[in-house]
Amino acid sequence: MQNDSLFFLNSILFGIGLAVDAFMVALANGLHFPKMRIAKTVGIAAVFSIFQMAAPMIGWAIAHAAFVRFAWIEICFAWLAVAVLAALGVKMLAEARKSDGSQDNIRVGICALIAQCAATSVDALTVGFTIEEYKWTAALACSAIIASVTFTVYIAGFAVGRKFGMRFERVASIIGGLVFLAIAAEILVTTYI
């Protein structure tokens with residue numbers, strides 16, 4: 001495993017990149033539900049965090065099981081992780097370019113909440129593939145950091161959405177896209193150089 005400071009930095013960067021979708025949802029929720037109780041906002045942020053913590057662990061478990069049996073899969077997964085992260089980064093940058101600040105009607109019922117959490121956690125599953133070389137304790141720590149970042153970002157996004165609306169949607173997409181591209185580059189550099 002990497003040294004502690006690099007591990008912590010990578011985990012925070014993963015968290016920031018993965019939390020962008022949650023930030024967008026929080027912006028929209030803050031815009032549409034400005035009078036939502038603090039307890040409900042915190043509860044929703046916690047649910048997002050749980051999903052963002054579980055998804056990388058599931059990805060890690062799948063990748064770890066596969067790599068133990070088939071060593072050559074590790075190379076394939078490294079390239080797959082780079083491709084997926086780069087594609088996510090490019091997609092977010094493209095969405096920022098064409099974003100007009102409009103949002104579909106947002107709902108926060110339990111079914112809609114689960115759908116939002118699942119949709120924003122798909123990216124986190126691929127992070128589990130990129131941290132396959134971690135021991136389970138390190139993978140769990142990384143996932144917990146991602147969850148903490150998501151919680152903080154959701155609360156901040158909701159507050160911004162309630163106060164300013166969707167003005168920061170484009171900036172958030174650009175930051176998230178650049179973070180994913182930076183992580184993809186870092187994986188390439190540390191894996192093959």
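Things worth noting here:
- In this structure, VAL149 does not satisfy being hydrophobic (A, V, I, L, M, F, W, C) and at pLDDT below 90.
- Scope region 27-50; condition open to solvent by 60 Å² or more (accessible area, probe 1.4 Å), of a type outside the set (Val, Ile, Thr) and in a helix (DSSP H, G or I); matching residues: LEU31, HIS32, ALA39, LYS40
- Yes/no for CYS117 being buried (at least 19 other Cβ atoms within 10 Å of the Cβ), touching a Phe, Trp or Tyr at 6+ places or on another chain (Cβ under 6 Å) and either at pLDDT below 90 or not basic (Lys, Arg) (or both): yes
The values are calculated or read from the model by the stated rules, or taken from the named source; none is laboratory data. Computed from a prediction, not measured in an experiment: that's the story for all the values here. Methodologically, a virtual Cβ is constructed for each residue, glycine included, from the backbone with ideal geometry; neighbour enumeration extends over all protein chains shown. Please note that ligands, DNA and RNA were not included when accessible areas were found on the heavy atoms of the full protein model with its side chains. Shrake-Rupley method; radii C 1.70, N 1.55, O 1.52, S 1.80 Å.
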